[in-house]
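Single-structure report; data block below.
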Amino acid sequence: MNDTVSTAALDEWMRTFARLVAENKEALTDLDAAIGDGDHGENMDRGMRAAVQALDDTRPSTASALFNKVGMTLISTVGGASGPLFGTLFLRIGAALGDTSEVSLSQLATALHAGLDGIVARGKAEAGDKTIYDALAPAVQALETAATDGAHTADALRAALAAAENGRDATTPMLARKGRASYLGERSVGHQDPGATSIALLIAAATPAPA
Amino acid sequence: MATSRDDSAGSLVGLVVVSHSWALARAAVALASEMVHDRPVRMAVAAGLDEVTLGTDAVRIKQAIDEVDSPAGVVVLMDLGSAVLSAELALDLLEDPDVRDRVVLSAAPLVEGLVVAAVAAAGGAGRKEVAAEAHNALMGKAAHLSGPADTSSASPNYAGPDAELLATFTVANAHGLHARPAARLVGEVRGLDAQVRLRNVTSGAGPVPAASLSRVATLAALRGHEVEILASGPQASEAIDHLLALADRHFDEPLDGAPSPLVASHTGPLPASPGIAIGRVRKLSFASPAADRAAPTGDPVTEWRRVVEAMADVRREIERIRSVAAREVGPQEARIFDAHLMLLGDAEVLADVRQRVNAGAAAATAWAAALAVVEKQWSDLPDPYLRARAEDVRAVGAQMLAALSGAPSATMTGSGILVANELTPAQAAELDRDTVHGIVLAYGSPSSHAAILARSRGIPALVAAGAGVLRLAEGTSIVIDGSTGELVIDPPAATLTRFQQRAAELAQHETEQRAVAGEPALTLDGTHIEVAANVGSFGDAHEAAACGADGAGLVRTEFLFLNRDRAPDIQEQVAEYVGIADALGGRRSTLRTLDVGGDKPLTYLPMPVEENPFLGQRGIRLQLDRPELLLDQLVAICQAARKGPTSVMFPMLSTVGELREARRLLIEAAGPGGLPEGLRVGMMVEVPAAALKIATFLPELDFISIGTNDLTQYTLAAERGNAAVAGLSDALDPGVLQLIRHVCQAAASTVPVASTVPVGSTVPVGSTVPVGSAVPVAVCGEAAADQLAIPVLLGLGVRELSVSPRAVPTVKARVRGLDLARCTSLALAALELDDGASVRQLVSSSLPA
């Protein structure tokens, strides 16, 4: 049974996320160039590289230490709005998980929800604003529903990924109301939100390939 | 890195500069440091990921806050986007909650805000003050650049959208976000430290600054429209909460529509000045000064000062009318004046005016042009109701123009019956009987200045008719009866005939009384009662003589001083006083020295705005405080007194000390030759304390004139302009009558000594003297012309009545029908009664008019 997640698995999640970000760096930057300042891929890659380096250096043994390290590193290295937003996300996840080394699905769902709340508090984003919220919120909801239904963690994560990717795709026709993209007004319509794209990568990093 | 670690900076607010760019932040700090070289302010930079990589870092911001923190606190300024998010996150990262509490994140623009914040911090301002200063840093630039014609882009984006809070509401008000609800909205926003913008989501209009009424109106937000609120700044969330709550309350307006029904008033029209008027509705139109009419232009500084001063005047006036409206019709109705006040203080309009003044325009021209722009914007709105609100702009604009030009504030659109919300004393004073055949006021009371002046001019008037009358179309045919309070709109032929007959009867009766008006008024028992006239102008004096007045018992000299830029000089005053005396044909003229105060302010005699001007510095109180005006006036009065029989009296005395000081100035004004022969010196009794202490004044007096209007309002603590307490404010209240009796009794038992005994010497109080040589007591208030009051006043010992010129014939007629002995017993009985109404009943039944 792999229905709890170990600290090592969480550590692996972050490393996988770093890898996916690195692989999609150009794509993310292109998305951002269309409606923002064109640095999202670069920034996220720089931040996640630094985070992996920090994990290598410190080898955190608990979930809270792990996410705290990732969060603080992103805050100091990303530079753009994603720094405080992803930083807040991981700090809140870490705080919610506490000093556990085995995390259940419902704990994970609760922690991600806390992270989502942190992002809302920080960025004041709402559904439909064309932000990372639009991918993260459906993912969290899918995870919570699956947890309530007693689903297996792997299935729950697959459902979350599907929700995140749907959410990501839904940002394309939206009119940006937050961040630099909102300066563009109508011209932001027709472009996928890079932040939401990164969130989909984050969920994908946790999701095992279909069985 | 803190640029200064000087210990002297420890007590000052520290500043943190957050930017994506290290170079930008360093340069901004250098710029700001130039402003504060003598007082080192701690400024720390948290910018860029390193010296070349753009980005922001919450950890670095937290460190910077720690570096410049002191008990005085820290203000953080930031550029945009992630800078805002990172700064907020930095607050979360601070370990010490005390430190967190004293950090203020400023929504100010980075460069402008930093410069201003540094100056404020160097000056020792607290963190909130520093933040507020920074917050306002953009105002100067915005005011300088915002052109009125550019309605969409002129609104400065005070902070990056990332810092903005967002909410929407749906307009439920029947007429949309028109002037009144918009004014409530603007008022709510102005009190908060937040930049708030509004966008009409439904129509796409905006965003416009929510603090500008003129701009909010351009959203043309109708019922059902969705309006988006964008708020930033320290109190952004409060602003959102307040506005949503306000929208929820439909902006404190009944949902079924703002306009009040036609002719809605608590009391309905009240009779205010007798007589019948038949004619067409006329409104006041405000002169729109064409540019060529504008006064010679001063330098921009002078012109701008004129704008500011005129605004203060107009604000005072609007506030006054608003309180009258609130009292008499209700707070709902008074909101329109809130809208007017908002327009007056509208930052966008002012910026435009200022720009025009700076470009060399005269104050009036600049104001007219700026308002024309707003008016145009409103007139172009698609909704007819909102479009009609352009009227509000016109009303305010006209008041400002009047204040700026010092000209008569308004003129009638043609001859007929004037319909207005209320008349200022100045407007009422200028009413021309040849064109104003009647007056209908939405507000006001029968004892307001406007009503008094209408009576004195013989213009039939109704007051408190309700706001509905303001919606009567120009030119509508109406009939009013100022004796009964009747108001008929579009009268049928039969009604018209009935009123015409009534008017003819009145005219006939008046002619008869006038025929004998020139004869002295003797009571049935042969006592001579002086019936004089209250005079407010040269024309009044002619009228007084024509109506058979025995003299002028009260010359209100203030009408010589109102509505002008500077006080009349001595020559002008002498000419006016002598002119009045000439018009009176050798009859005695009683000049009251300038009686102004907060309710009748003079532009050239600045007075503090008083919460209660009627209990403030008015009459002699103001004169003794600024004696130059009084001294000039007394010089003029002395000169006039050498040419004809003249009396002088001082208003609003409370203590004999005031009278002695006034007399000292009079003697100084008279010069070495001493007081002119025949100049009699008297006082007004208006303050209850003066009435009760009258014995202390008597040694200094030749005569007394009781101002029953003020004496009544002070005795009953009921303001005479307030319709709600009009019932209380009755000069026939036994409380007032007892004061009058006390004055008459004390005056009857004293020899008049004032002009023959040196100042300061006294005569034993209570020495018995023949009544014939006592100090005479007159009444110059409204009661003197009141048919029911006359017998009571005579019974109490009053021997002179001073009334409006046109009332002289009827007052004389009344006196001739009275027997003094019966009046005396009637007055004694009246003193025992409960209230004014009982006294009126008593008189009506025993000595009907």
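Readers should treat all values here as calculations from the given coordinates under stated rules, not as data from a laboratory. This structure is a prediction, so every number in the text was calculated from the model and none was measured. Note: ideal-geometry Cβ built from the backbone for every residue, glycine included; neighbour counts use all protein chains shown.
Tabulated data
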{"read-out": "Neighbour-count order for B:GLU67, B:GLU611, B:GLU319, fewest beta carbons within 10 angstrom listed first", "value": "B:GLU611, B:GLU319, B:GLU67"}
{"read-out": "Contour excess over end-to-end distance, with Cα ends at B:ALA359 and B:THR696 and 0.36 nm allotted per residue", "value": "115.2 nm"}
{"read-out": "Distance from region B:519-559 to region B:571-586 (C-alpha centre basis), Å", "value": "15"}
{"read-out": "Gyration tensor (alpha-carbon) shape descriptor, region B:522-846, a/c threshold 1.5", "value": "rounded"}
{"read-out": "Rounded to 10°, Cα long-axis angle of helix A:194-206 versus longest principal axis of chain A", "value": "20"}
{"read-out": "Cα-based helix-to-principal-axis angle, A:7-23 vs chain A, degrees rounded to 10", "value": "20"}
{"read-out": "Ranked list, fewest to most other Cβ atoms within 10 Å of each Cβ, for B:VAL815, B:VAL52", "value": "B:VAL52, B:VAL815"}
{"read-out": "Pair A:GLU23, B:ALA494: separation of 7 Å Cα→Cβ label points (nm)", "value": "9.9"}
{"read-out": "Under 19 Å from the Cα of A:LYS130 - aspartates and glutamates, other chains or at least 8 residues apart", "value": "A:ASP30, A:ASP32, A:ASP37, A:ASP39, A:ASP117, A:GLU165, A:ASP169, A:GLU186, A:ASP193, B:ASP162, B:GLU164, B:GLU228"}
{"read-out": "Leading residue at positive end of dipole, region B:7-135 (Cβ point charges), from B:ALA120, B:VAL68, B:SER19", "value": "B:ALA120"}
{"read-out": "Simple Cβ-charge dipole of region A:4-206, Lys/Arg +1 and Asp/Glu -1, about Cα centre, in debye nearest 20", "value": "380"}
{"read-out": "Those residues of region A:140-165 whose amide nitrogen sits under 18 Å from the label point placed on A:SER106, 7 Å along Cα→Cβ", "value": "A:140-157"}
{"read-out": "Dipole magnitude of region B:522-846, debye to nearest 20 (Cβ charges: Lys/Arg +1, Asp/Glu -1, about Cα centre)", "value": "640"}
{"read-out": "For the protein assembly as shown, calculated [θ]222 nm from helices alone, where every DSSP H run of n ≥ 4 adds -39500 (n - 2.57)", "value": "-15000 deg cm²/dmol"}
{"read-out": "Degrees between helix A:153-170 axis and first principal axis of chain A (Cα, 0 to 90, nearest 10)", "value": "10"}
{"read-out": "Nearest-20 debye value, the protein assembly as shown charge dipole, Cβ charges on Lys, Arg, Asp, Glu", "value": "3000"}
{"read-out": "Cα gyration tensor of the protein assembly as shown - equivalent ellipsoid semi-axes, whole Å, descending", "value": "78, 31, 25"}
{"read-out": "Region A:4-206 shape via C-alpha gyration tensor axes, a/c threshold 1.5", "value": "oblate"}
{"read-out": "Fewest-first ranking of A:HIS40, A:HIS191, B:HIS742, using other Cβ atoms within 10 Å as the exposure measure", "value": "B:HIS742, A:HIS191, A:HIS40"}
{"read-out": "Farthest positive-ward along the protein assembly as shown dipole, Cα basis, beta-carbon charges - from B:THR590, B:ILE706, A:GLY38", "value": "B:THR590"}
{"read-out": "Mean-position separation - Cα centroids, region A:74-90 and region A:10-56, in angstrom", "value": "11"}
{"read-out": "Paramagnetic label zone (point 7 Å from Cα along Cα-to-C-beta, B:SER846; backbone N under 20 Å) in region B:503-546", "value": "B:523-527"}
{"read-out": "Modelled FRET efficiency - R0 41 Å, B:ALA575 with B:LYS128, Cβ distances, 0.05 increments", "value": "0.10"}
{"read-out": "Sites B:GLU610 and B:GLN63 - FRET efficiency at Förster radius 51 Å, r taken between beta-carbons, to 0.05", "value": "0.40"}
{"read-out": "Inter-label distance, nm, simple model (7 Å from Cα along the C-beta direction), A:LEU175/B:ARG223", "value": "2.6"}
{"read-out": "Of B:GLY616, B:GLY727, B:LEU737, farthest towards positive along the dipole that unit charges on Lys, Arg, Asp, Glu beta carbons give region B:522-846", "value": "B:LEU737"}
{"read-out": "Ratio Rg/Rh [Cα only; Rh per Kirkwood] for region B:20-142", "value": "0.94"}
{"read-out": "Approximate spin-label separation B:LEU506-A:GLU126, in nm, with each point projected 7 Å along Cα-to-Cβ", "value": "6.2"}
{"read-out": "Counting DSSP beta bridges with both ends in the protein assembly as shown, the antiparallel % (nearest 5)", "value": "40"}
